[in-house]
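To start, the structure under review is shown below, and the notes come after it.
Please treat every number below as a calculation from the coordinates, not as lab data. Treat the numbers as computed from the prediction; the structure is a model and nothing was measured. For neighbour counting, all protein chains shown are included, and Cβ atoms are generated from backbone atoms with ideal geometry for every residue, glycine included.
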Amino acid sequence: MVGDSVQSSSGKGERRELVGHDCECRLSNPTSASGECDWLTLHRRMGHVALPILQQIVKQEMVRGIRVKGEPNEVLGCLTCMQAKFTRYPFHSSETTAKAPLDEVVMDVVGPLKLGAAGAEYFLTIVDVYTRMTWVYVLPKMSDVAETVKTDWLPMVERQQDRLVKAIRTDRGGEFVSKDFSTWLKKQGIRHSLTMPYSPAMNGIAERANRTLTETARGLLIEAGLPTYFWPDAVRHACVAKNRALTHVGEDKWVPYVEWIGRKPKVDMLRVFGCMCMALVPKKLRHNKLDAKATWAVHLGMAQNSKGWLLWDPFTKKFLVSRDCKFMENLPYKEWKAENQAKIGVRLGEVKSNGLEHVELPLELSSSSTITRQSPQMNGGEEEEEVQQGDERAPSLPPRATSARGNRADLQQRHESIQVPAAEEEGRGRRKTQPPKRLSYERLGGPANSTLTGSALMLGDDAEDESEECAFAFFSPVEMPGEPTNPKEAWEGPNGKEWKKASDEEMGSIIENNTFDLVNLPLGRKAISSKWLFKRKTDADGNIERYKSRLVAKGYQQQEKKDYNEVYAPVVKGTTLRTLFAAAAIKGWVVKQIDIVTAFLNGVLEEETYMEQPEGYNDGSGRVWKLKKALYGLKQAPRQWYIKLREVLEAIGFTPSTADQSLFMLGEGEQRSFMVVYVDDILIFSPSSDLVKEVMLKLQDKFKCKTLGDVNYYLGIHIERDVEKRWMRVHQKKYLEALAANFGKSEGHVATPLPSGFKCVKGPAEESVGEEERRRFHSLVGSLMYAAVHTRPDAAFATGQLARVVQCPNEEQVAAGERVAKYLGQTATVGLQYSAAAQRRQKGADGVEPGRLFLTAFSDASWASEPEDMTSVGGFICCVGGGPTAWESKKQVDQALSSVESEYMALFRAIREVVWQRRLLAELGEDQQGPTPLYCDSQGAIALAKNPVLHGLTKHMKVKWHWVRSMVTAGEVELHYVKTTAQPADMMTKRLVEQQHWKCCKLAGMALN
């Protein structure tokens, strides 16, 4: 049978291999006639069996018919065995080269983990090899690792030990092998040791530390019954305990803290993690004498920067700090929660702030995406020791979140940082801005449909400028009445045919844009719902142009990390828009408004998001929409639309401005065109209509869009102009008249925003108006702010004063707010004016070349004018084209020791705005020739800015204020003295009598009739 072919059933003579002993004859036979072969051949014949086994078989003659010649060791060179059987060498424990602290440090990163407090998803572990001292940094994103090591950890430890770090050992993670980090290490003279790929055992010290921390943290959370959201606090507490516990290294034992600090640690501040406690409410922060003196809280470890504890209030869902606590260490949160579940449910809806200082670490994250890097945990609560809590502290909680989560309107997300009246600090700490969670699309910001979030309340970029009171109020501009609130009311009521036609058109656009697929909802996923919104589009005179129906997803139902990730989308700054209006007036540019049909539907979603079928268009199948495009209302919709729009604009030749990411530029010189984007409201500024047509042709290749003609109404702002006379005026007449009709109850003529002698001071809670009236006051202040930030700098100071008492206004303050509304209504046509003639009349504009833009600024302060804490109010006005383009009225955080100091601090903020506007004007082709004139009515402040030798008067001031001098020296600004009676910024810092108030408005370049 050997060598025979075995016929298959098909009869084609297929050859197949035979098995067993029959196949031996067909093997090649390299052996000699005597049956000898070498060891390697025998090894291969026997299926690459191991050499020891092969030797034993031959030695004990366990088989017959073979004799082996040569050396057995030749088997060790078998390449096939190397490829098939290679295993990694064992990791032997090695002696450390560290002979002192910081000789060698190991690092590793754990994550991503489930989203935790402050947006944390990772933690960085750092271990000193010699002492085994451990630091933990809780981080929101991996890219923060290198910067944390460079700026937070390294300076701290080198100062503590008065020694330099010699070597760092890490794995090959991208965060450690980046070019930037490697270059920095070389400059520092630090040796960087990297583990081999896929060899975590080579970084065993860090890996073991990670295991200890995660196991301990897991146990702490389980014992307390806390959700995993609190893992950052548990990890930090675990690190504190680890550094104070005995560490074994071979035969040696020691306490890391002792080896690092040189003395025994105190542990009297340690308490059981997750246990319940009663925290004292300070007497002066209780609402009345009958309020409880203490409140329940959950212990989360030692606090940062102070000798106290970090706590969490289960009723208000806020983090707080207290040093006066009574702990129930045998009562974990889970047991307390089970006993008090009913009480928690009741109090959640009615509890007021307990008055304790709230740490800025919200349970529901705020946005942005930008979360401040956090400092490490290694100690805490030991102020009397050499290493203060400032050096060994819990992570620094972010002063404010600019990330883009949570702090944005759920439906139409439009954002802008505009300088408006500041609200004061609350107690010793500042509370995080918490805007309401649910807002109505196209019912915010007046008739322009604009939504300005809490970030719009900031007076510049400082964290201390935020205010919870202002944030809430700002979401409540005037609503225009008479529009349907649901489909039944719209489709079955008056004008039902028009509304149904508008809804059909909306659905047609959604289908045409391939916005969704109809699918069955996957297991484990939730579908959000939607609603219909209805609005009559009107012209500047209030005449109905068209009926508009919009399907909006209920974005507040979306789950972060499942339905969306990044949400931030920039919009054009108010200052940019006003500067372009000034340029259009002076240069005679055409300004056209563009409508991109269902703009958001052009944005492509990156995440899987499911939505229930909308009311009125449900096929009854139980299926849901799997959204492919960015439907209005989704949290990420504005961002996806901006990404798509920017991509298209750059493809047709536009470039984004470095001063404002929502300003795009096309062309060069006199043929340059500009486009501004406020979500889906777009304007084009161009020297000629032909250039606009060219741009529109390019856009129409990408989007379904059209021009709406010359702009006369944009974002709720009326625009009036005379091209031949090079003149433009902007105001909010329609909006302000509606505002006065809703809120302006005061009788008779009102000449100034605030009454004579009015001081806005917080009074006792018992003098506050009722809940309904307080909510109405919230809405009033928000409506006033919408006017104050856009066209009415004359109302900025008054609005800022009212914003400080928005939580507990009394009757006098409510009446003052109604007076401001009445004032704005009676002066509804007052606004901003830009013209060549007005610019020529502006101070310092003598000799400006015709057709050129000129920037000038005014700065003022009112020293110690705030009766509650004797702080000052600062303000400025910047003018281009003869009219205001930026302004600010802000309570100064630092107390000034003299009027000169308060004026000097006001100069700082004014110059900061001037520097930015000079950069913006340069991008518009309007480089400023020479320094910008800045007018101040304090000769002392001017002297202080020009004379750096006045050390005795300034040594106590923060370094940042002296940036004023560097800008003066660099030629960015030139300070000039102006009499107080000729200072327009005076109205930004105090209440003025009628004559002086209107004089300031005129000097600022406002349109008064």
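A few remarks follow.
- Taking a point 7 Å out from the Cα of E849 in the direction of its Cβ, the residues of region 669-693 whose backbone N falls within less than 16 Å of it are 669-672.
- Viscosity 1.002 mPa s, 20 °C: Kirkwood-radius Stokes-Einstein D of region 709-854 over Cα pairs, µm²/s: 126 µm²/s
- Percent of alpha-carbon pairs separated by more than 12 Å within region 149-206: 70 percent
- Spacing of the modelled spin labels on Y977 and E71, each 7 Å from Cα toward Cβ, amounts to 10.1 nm.
- Rg/Rh for region 487-715 (Cα atoms only, Rh after Kirkwood) is 1.00.
- Projected label distance in nm at A100 and K562, using a 7 Å step from Cα toward the beta-carbon: 5.5 nm
- Sites R841 and E720 - FRET efficiency at Förster radius 25 Å, r taken between beta-carbons, to 0.05: 0.80
- Distance violations [Cα-Cα > 24 Å] among K284/K990; K497/K531; K537/K704: K284/K990
- Where the Cα pairs of region 785-909 fall when distances are cut into 5 Å bins, in %: 2, 10, 17, 16, 17, 16, 12, 6, 3, 1, 0
- Entries in K318/K626; K561/K890; K822/K891; K150/K334; K573/K946 that, when Cα-Cα distance is taken, lie over 29 Å: K318/K626; K561/K890; K150/K334; K573/K946
- Cα principal axis extents for region 105-261, largest first, Å: 47, 36, 32
- At R0 = 30 Å, FRET efficiency that the Cβ-Cβ distance of S898 and S756 yields, to 0.05: 0.65
- Extending 7 Å from the Cα toward the beta-carbon at both M696 and V267 defines two label points whose distance is 7.7 nm.
- FRET efficiency estimate (nearest 0.05) - Cβ-Cβ, R64 to W963, R0 60 angstrom: 0.05
- Between region 231-254 and region 571-649, the C-alpha centres lie 51 angstrom from each other.
- The ratio of the alpha-carbon radius of gyration of region 842-1007 to the globular-protein estimate 2.2 N^0.38 Å is 1.01.
- In region 644-729, GluC sites (Glu not before Pro) in a DSSP loop with at most 16 other beta-carbon atoms within 10 Å: E668, E724
- Using only alpha carbons, region 872-930 has a radius of gyration to Kirkwood radius ratio (Rg to Rh) of 1.07.
- Here the gap between V769 and K537, fully extended at 0.36 nm per residue and compared with their Cα-Cα distance, gives a gain of 79.8 nm.
- Pairs beyond 27 Å (Cα-Cα), from K501/K706; K179/K242; K264/K317: K179/K242; K264/K317
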